[in-house]
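The values are calculated or read from the model by the stated rules, or taken from the named source; none is laboratory data. Predicted, not measured: the structure shown is a model, and the values here were computed from it. Positions of Cβ are backbone-derived with ideal geometry, glycine not excepted, and every protein chain shown enters the neighbour counts.
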Amino acid sequence: MFDSLTARLSRTIENLRGRGRISEENVAETLREARVALLEADVALPVVKSFIEAVKAKALGSEVLQSLTPGQAFIGILHEQLVSVMGGAGTAWKLHASPPVVVLLAGLQGAGKTTTAAKLARWLIERENKRVLLASTDVRRPAAMLQLERLAAQVNAEYFPAQASEAPSAIARAALARARNGVFDVLIIDTAGRLHVDEALMGEVREIDAAVDPAERLFVVDAMAGQDAVNAARAFAAALELTGVILTKADGDARGGAALSVRQVTGKPIVFLGVGEKTEALELFDPERMASRILGMGDVVSLVEQVHREVDHAEAQRIAQKVVKGKGFDMGDLRSQLEQLQKMGGVGALIDKLPGAVTQKGAVSADQGDRELRRQIAIINSMTPRERRNPGVIDGSRRRRIAAGSGVQVQDVNRLLKQFMEMQRVMKSMKGGRLRALMGALKGGMPPRFPGR
C-alpha cells in the first residue's frame, strides 16, 4: 500500500534533505511534485488541495526558511500534515460500552465484510480476550451465512444461526438477545452488500441499526476501489452515524488514495487495515506510523510488535543457543527460521516496515525474495530427516532426487547447500566472545542479506 506515493514523495524530498537553505522556489517545486504524486495515488482532488495549501502555509513560514536544517523541517511538515489528513495522532481502538458491545459492519458487496467480521472477531479474541458472537443478516446471499459460520469456527468465535427467510432486522434482534443471554462481550453483525449504493440497501442497514443500536458502526471499504470508495463512503456516512472505517485489501493497492480520501469524506477515523486473506491479516491503523511509511521512514515499532506477537520465542531461543555454541545448527533449524519469516508476511512485509524501504525495494525485489523463500522451504522439505541433520551426506544422486521432489533445478539445491555450509562456517567462527563482539560491531547496521539473494 502507498508504494507509488512513497516512491515519488521519497524522491522529491530526498532533494531537500541536507540542504542548508530552502527558497520559495524549492518549496513550490516540491509541492508541485507532491500534488502530482497525490493525484496519481487516486487521492480525491479536494483532499489534495487542502493538503497542499496547509503544507504551503507552514513551509513558507519562518520555522522552515530560517531553520538550521530546513530540509528536515519541511519533511517534518509533510509528515505532520499526512498524519492530520489520516485522522491525527491516533489512540488504540477500544470498545467503550457495556457488554455485549454491538459492532455493525456495513459496505458494498465485494468489500470483504464477511471476512473482515471474522478477522475482527479473531483480533478481539486474541488481543482483547473477548468472547465474541458473529451473526449474518445477509439473507439474499445464503452462502454468506455459511461462509461466516465456517470462519467463526476458524477464529474460535460463536456463530448465531438464522434462516434466510427471516427479516434482517429480526435476525439482528435475536442475535442481540442471544449475546445477552450467553454473556458475550461483543456481537459483530455482518450486513448485506450491493454492487452499488441504492435506497433498498440503505433502508435495510438503517432498520438493522435501529433494531440493535450498535455502539460501533464501521464502514468496510475496498482500498482498491479508488474514487468509487469515496462515493460509497459519502453515501454510507449520510445513512448511518459511522464511528470508523476499515480498509480492506490494502496489501493489493499500491496507490493508497482511498486511505487519504475516505477519512476526509466521512470525518471518521480509519481503525483497521485488512492486509491479506488470512483471518490474522488485520492491523490497527495508526496515522503517525502510516505517515512515516509513506515518507520512507519505515515503521520499526510495528515490526517489533509483529515479531513479539508472531515469532515462536522458545524456538528462537533454542536456535540461538545452537548459534552461540557454534554447532548443531542443521537444515531443520534453517527451515524453522524461513517458516517464521514466512509467517510474518515474507520479505515484502518486512522490507515495507524498514526505514528506507523504497531504496531497499529497488535493490531487493520483495516478490523475488518471497519466491526464493518458498523455493528454499520446498528444497528442505524434499530432504530426508537424515539429510536435514547431516547435509554432508547429500551426494549427486541425492541432489537430483531433492531437486525433482521440490520442482527446482539441481543448481538451486547446490546453491542452498553452499549457503548453508557458509552459514555453519560463520557460526562456528562466531561462538563465544567473538559473537558478542560482532553483534556490537553490527549494532545499528542493516540486517544481513536474505539467504539466496
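Name every residue in segment 141-168 that is part of a helix (DSSP H, G or I) and either surrounded by fewer than 18 Cβ atoms within 10 Å (Cβ to Cβ) or in contact (Cβ under 8 Å) with a residue 60 or more places away in the chain (or both), in order of residue number.
Within segment 141-168, P142, A143, L146, E149, R150, L151, A153, Q154 qualify.
Given the residues A192, A175, A152, which is the only one that is in the same structural domain as D209 (by TED's automatic domain parsing), modelled with pLDDT under 90 and either within 22 Å of V220 (Cα to Cα) or within 31 Å of the chain's Cα centre (by Cα) (or both)?
Of the residues listed, the single one that is in the same structural domain as D209 (by TED's automatic domain parsing), modelled with pLDDT under 90 and either within 22 Å of V220 (Cα to Cα) or within 31 Å of the chain's Cα centre (by Cα) (or both) is A192.
Out of E207, E158, I need the residue that is at pLDDT 90 or above, out of contact with any Leu (no Cβ under 6 Å at 6 or more places or on another chain) and more than 30 Å from V83 (Cβ to Cβ). Which one?
E207 is the lone residue from the list that is at pLDDT 90 or above, out of contact with any Leu (no Cβ under 6 Å at 6 or more places or on another chain) and more than 30 Å from V83 (Cβ to Cβ).
Of the conditions (1) surrounded by 14 or more Cβ atoms within 10 Å (Cβ to Cβ); (2) touching a strand residue (DSSP E or B) at 6+ places or on another chain (Cβ under 7 Å), V230 clears all except one; give me its number.
Failing condition for V230: (2).
Counting only residues that are in contact (Cβ under 8 Å) with a residue 40 or more places away in the chain and part of a helix (DSSP H, G or I), which one in segment 171-200 is nearest to V132 (Cα to Cα)?
A179
Which residues, counting only those in segment 178-203, are crowded, with 21+ Cβ neighbours inside 10 Å, under 21 Å from E166 (Cα atoms) and either of a type in the set (D, E, K, R) or in contact with a strand residue (DSSP E or B) (Cβ under 7 Å, 6 or more places away or on another chain) (or both)?
Passing the criteria: A179, L187, I188, I189, D190, T191.
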